[in-house]
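Shown next, in structure tokens, is the structure this report addresses.
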2 protein chains.
Amino acid sequence: MGTPDHGDIVVGLNAVIVTVTNEEPRVLIVQEPDAPSGDVLPFGLFDPIKDRTLEEGLRSWVVQQTDLEVGYVEQLYTFGNSGRDPRERNSGQRFISVGYLALVRDAATATRGTWRSWYEYFPWEDWREGRPGILDAEILPALGSWVEDTPDAYLRAVREERLALAFGVESGAWTEDHVLDRFELLYEAGIVSEAVRDARNDDVTAPGLTPGKPMGFDHRRILATGMGRLRGKIQYRPVIFELMPAEFTLFQLQCAAEGLAGLRLHKQNFRRLVERGGLVEETGRMEASRPGRPAKLFRFRRNVLRERPTPAVTLPRGG
Amino acid sequence: MGTPDHGDIVVGLNAVIVTVTNEEPRVLIVQEPDAPSGDVLPFGLFDPIKDRTLEEGLRSWVVQQTDLEVGYVEQLYTFGNSGRDPRERNSGQRFISVGYLALVRDAATATRGTWRSWYEYFPWEDWREGRPGILDAEILPALGSWVEDTPDAYLRAVREERLALAFGVESGAWTEDHVLDRFELLYEAGIVSEAVRDARNDDVTAPGLTPGKPMGFDHRRILATGMGRLRGKIQYRPVIFELMPAEFTLFQLQCAAEGLAGLRLHKQNFRRLVERGGLVEETGRMEASRPGRPAKLFRFRRNVLRERPTPAVTLPRGG
DNA sequence: TTAGTTATACTCATATTGAGCATTTAAATA
DNA sequence: TATTTAAATGCTCAATATGAGTATAACTAA
């Protein structure tokens with residue numbers, strides 16, 4: 001990497017590794033002793049000599065660090081903002097962070113790190129038990145006055161529109177995949193503690209309100225990107241099956257979809273869509289007995305990929 | 001940047017700058033004297049000292065190089081494959097290229113570069129005059145035998161599935177936004193001349209078949225990414241209006257959508273969707289007279305953003 | 001005045017979606 | 001063994017959206 005003189009670029013690879021256990025979407029978190037403020041995602045540096053591609057680099061140190069064999073991997077976004085990574089301050093290096101989303105079926109195999117529900121970091125994203133109270137109690141008032149207090153009229157209008165779009169203020173429609181838009185508003189408004197941490201000058205006033213658990217570096221932003229991408233993608237690609245065991249009941253599938261989307265779905269309509277869409281086929285086996293009528297076990301019909309242009313689970317809302 | 005010793009990382013920012021003129025989607029191409037093989041996109045290096053963010057860096061040298069004020073900008077993808085950028089071979093540096101999509105309304109203001117139809121580089125992507133002949137005459141046979149000739153059975157199955165998905169071989173469905181998937185297949189199969197150029201060892205046999213105009217570096221891949229992203233995005237965000245003048249007829253809007261998607265659309269249904277979706281409003285003015293009934297002029301209804309979760313033009317196929 | 005050309009309005013069968021009620025099959029309990 | 005309870009599964013029905021037209025209106029050019 002050479003001596004770190006001013007102007008050196010360091011490429012960090014960050015992984016949002018997702019699994020679903022007990023109907024709860026979880027991300028792999030590693031404990032970094034020197035993490036300045038909060039949990040961090042697994043990350044490593046891109047080695048320009050050894051790694052042939054970014055994704056290869058990512059895969060190699062994920063295996064090395066966690067012993068996880070990740071299957072599905074997808075690039076998320078490349079962030080290069082100065083000031084959002086505290087490591088830059090002392091080293092004179094410039095951190096570019098490339099985020100990746102990885103999906104694993106079997107959480108058990110990770111030898112390092114812990115799996116945490118992603119809603120610990122984003123409590124306002126979980127609508128499964130109804131509209132989260134924190135939205136109307138804290139977040140929207142704070143964002144509202146942030147918009148109100150914007151001096152410049154044009155900028156105020158822009159922010160107002162962003163707020164309306166991201167949180168469905170005027171339309172009443174919550175779009176579950178706009179996770180990043182919502183987080184960026186909270187960050188810019190100084191309502192998450194990372195914003196306070198990163199503020200060098202005092203243009204950010206800490207409002208004593210920091211919903212959700214903070215993360216180190218810009219990792220909560222990367223997690224938001226991954227959540228949004230995954231929530232969007234399950235609606236047009238069958239990625240959800242990357243998170244399911246080989247055999248599953250339709251209700252387990254629905255719970256996984258609900259967990260990821262943070263919504264309750266209409267059970268009968270969900271079944272209809274999945275079955276009629278040709279996404280699954282019966283295995284002939286039944287679920288081990290529990291109270292109630294036993295459920296048939298299904299498997300993913302891989303052939304659906306060749307048959308339909310958009311083979312995915314759409315999300316019929318409503319409990 | 002320091003002396004280029006082995007292991008240095010250089011971040012290149014590449015812009016797919018798109019406009020629509022005469023119903024044709026065009027990209028800004030610059031003439032590089034040292035471009036090894038073909039046209040290139042505008043690109044510049046990220047300056048880790050001056051540029052606060054990647055996007056800011058991009059905007060600054062786009063203005064500097066072309067005098068274009070780009071409005072809408074969106075990051076596409078970060079490529080880091082070694083071997084796909086010929087500059088790496090001599091310099092000992094590692095090139096990471098971050099692609100961006102930028103949309104401009106008024107092509108006239110560019111002071112450098114030329115606007116070229118993106119279908120010059122991707123002739124198989126233009127279905128407006130029906131299914132392109134090159135597909136059945138050249139591309140699909142070549143891809144077919146590439147798959148057939150794959151020795152490893154598992155890899156062959158994977159490739160077969162990718163081919164089926166990307167080109168709609170089995171489903172018969174052409175998904176217009178899978179531009180990158182299709183290009184990557186052509187590249188891996190050695191059917192585009194960039195693949196032949198990049199091949200160090202002889203695992204790629206030049207088949208004497210190189211559809212579409214090649215580009216320098218990995219720029220055709222970046223363009224493919226931009227085309228696919230834009231084609232996908234017009235269906236759920238009103239980005240198409242970033243490419244339209246302030247006032248336009250519904251037919252002009254349709255032609256723009258058709259040009260971008262590379263499809264013919266059903267006129268009456270297109271109107272219905274756009275009008276009922278609340279995307280536009282009448283200005284009261286009419287188009288300057290041409291043969292036929294004069295058309296009403298419309299403008300984008302910006303307020304639709306606050307009202308609807310997915311304000312966009314869906315694409316009703318069929319001429 | 002008429003033909004040509006394009007915009008716009010309207011229709012209609014079919015598919016998809018949202019919402020709910022009804023039935024089946026098991027375990028748990030009396 | 002009969003009854004209750006908890007699911008899974010099956011079915012209906014209205015509302016809406018979509019695909020594919022036909023019909024009419026408003027202009028220009030000859």
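The values are calculated or read from the model by the stated rules, or taken from the named source; none is laboratory data. These numbers were taken from a predicted model, which means no experiment stands behind them. Glycine gets a Cβ as well: all are built from the backbone with ideal geometry, and neighbour counts include every protein chain shown. Calculation scope for accessible area: heavy atoms of the full protein, side chains included, ligands and nucleic acids excluded. Shrake-Rupley method; radii C 1.70, N 1.55, O 1.52, S 1.80 Å.
Outside any helix (DSSP H, G or I), within 14 Å of chain A (Cβ to nearest Cβ) and at pLDDT 95 or above, is that true of residue B:263? Give the steps one after another, and end with the answer.
Details: outside any helix (DSSP H, G or I): yes; within 14 Å of chain A (Cβ to nearest Cβ): yes; at pLDDT 95 or above: yes.
Criteria met by residue B:263.
Which residue is farthest from the other protein chains (Cβ to nearest Cβ), if the candidates are limited to the range A:281-306 and must be open to solvent by 90 Å² or more (accessible area, probe 1.4 Å) and farther than 28 Å from residue A:126 by Cα? Write out each step before concluding.
From the range A:281-306, those open to solvent by 90 Å² or more (accessible area, probe 1.4 Å) are A:282, A:285-286, A:289-291, A:293, A:296, A:302; that's our starting set.
Going one step further and asking which of them are farther than 28 Å from residue A:126 by Cα, we end up with A:282, A:285-286, A:289, A:293, A:296, A:302.
On the way: A:282: 23, A:285: 26, A:286: 30, A:289: 37, A:293: 35, A:296: 27, A:302: 8 Å.
Out of the qualifying residues, it is A:289.
If I go through the range A:247-260 residue by residue, how many of them are in a loop (DSSP other than H, G, I, E, B) and either modelled with pLDDT under 95 or open to solvent by 10 Å² or more (accessible area, probe 1.4 Å) (or both)?
Our first condition is that a residue be in a loop (DSSP other than H, G, I, E, B); within the range A:247-260, this holds for A:247, A:249.
With either modelled with pLDDT under 95 or open to solvent by 10 Å² or more (accessible area, probe 1.4 Å) (or both) added as a condition, the list becomes A:247.
Number satisfying all stated conditions: 1.
Being within 13 Å of chain A (Cβ to nearest Cβ), in a helix (DSSP H, G or I), closer than 30 Å to residue B:39 by Cβ and not aromatic (Phe, Trp, Tyr), is that true of even one residue in the range B:236-246? Even if it seems obvious, please write down each step before you answer.
So the first thing to find is which residues in the range B:236-246 are within 13 Å of chain A (Cβ to nearest Cβ), and the list is B:236-238.
Then drop every residue that is not in a helix (DSSP H, G or I), which leaves none.
The answer is no; no qualifying residue exists.
Restricted to the range A:129-146, and to residues that are open to solvent by less than 30 Å² (accessible area, probe 1.4 Å) and in contact (Cβ under 8 Å) with a residue 40 or more places away in the chain, which residue is nearest to the other protein chains (Cβ to nearest Cβ)?
If we take residues in the range A:129-146 being open to solvent by less than 30 Å² (accessible area, probe 1.4 Å) and in contact (Cβ under 8 Å) with a residue 40 or more places away in the chain, then A:143 is nearest to the other protein chains (Cβ to nearest Cβ).
Would you mind stating whether residue A:232 is open to solvent by less than 20 Å² (accessible area, probe 1.4 Å), within 14 Å of chain B (Cβ to nearest Cβ) and within 16 Å of DNA strand C (Cβ to nearest atom)? Walk me through it before giving the result.
On the way: open to solvent by less than 20 Å² (accessible area, probe 1.4 Å): yes; within 14 Å of chain B (Cβ to nearest Cβ): yes; within 16 Å of DNA strand C (Cβ to nearest atom): yes.
So residue A:232 passes the test.
Residues of the range A:210-220 being open to solvent by 10 Å² or more (accessible area, probe 1.4 Å), in contact with a strand residue (DSSP E or B) (Cβ under 9 Å, 6 or more places away or on another chain) and within 12 Å of residue A:183 (Cα to Cα), which ones?
Across the range A:210-220, the qualifying residues are A:214, A:218.
Tell me, yes or no, whether the range A:304-319 has at least one residue that is outside any helix (DSSP H, G or I), more than 26 Å from the chain's Cα centre (by Cα) and either away from DNA strand D (no atom under 13 Å from the Cβ) or of a type in the set (Lys, Arg) (or both).
Keep residues of the range A:304-319 that are outside any helix (DSSP H, G or I), which gives A:308-319.
With more than 26 Å from the chain's Cα centre (by Cα) added as a condition, the list becomes A:308.
Of the ones still in play, those that are also either away from DNA strand D (no atom under 13 Å from the Cβ) or of a type in the set (Lys, Arg) (or both) are A:308.
Checked against the condition, which is being outside any helix (DSSP H, G or I), more than 26 Å from the chain's Cα centre (by Cα) and either away from DNA strand D (no atom under 13 Å from the Cβ) or of a type in the set (Lys, Arg) (or both), the range A:304-319 yields at least one hit.
Pairs, please: C-beta under 6 Å, at least 6 apart or cross-chain, first residue assigned by TED's automatic domain parsing to the domain that holds residue B:69 and in the range B:99-117, second open to solvent by 50 Å² or more (accessible area, probe 1.4 Å) and of a type in the set (Asp, Glu)?
B:103/B:242; B:111/B:67
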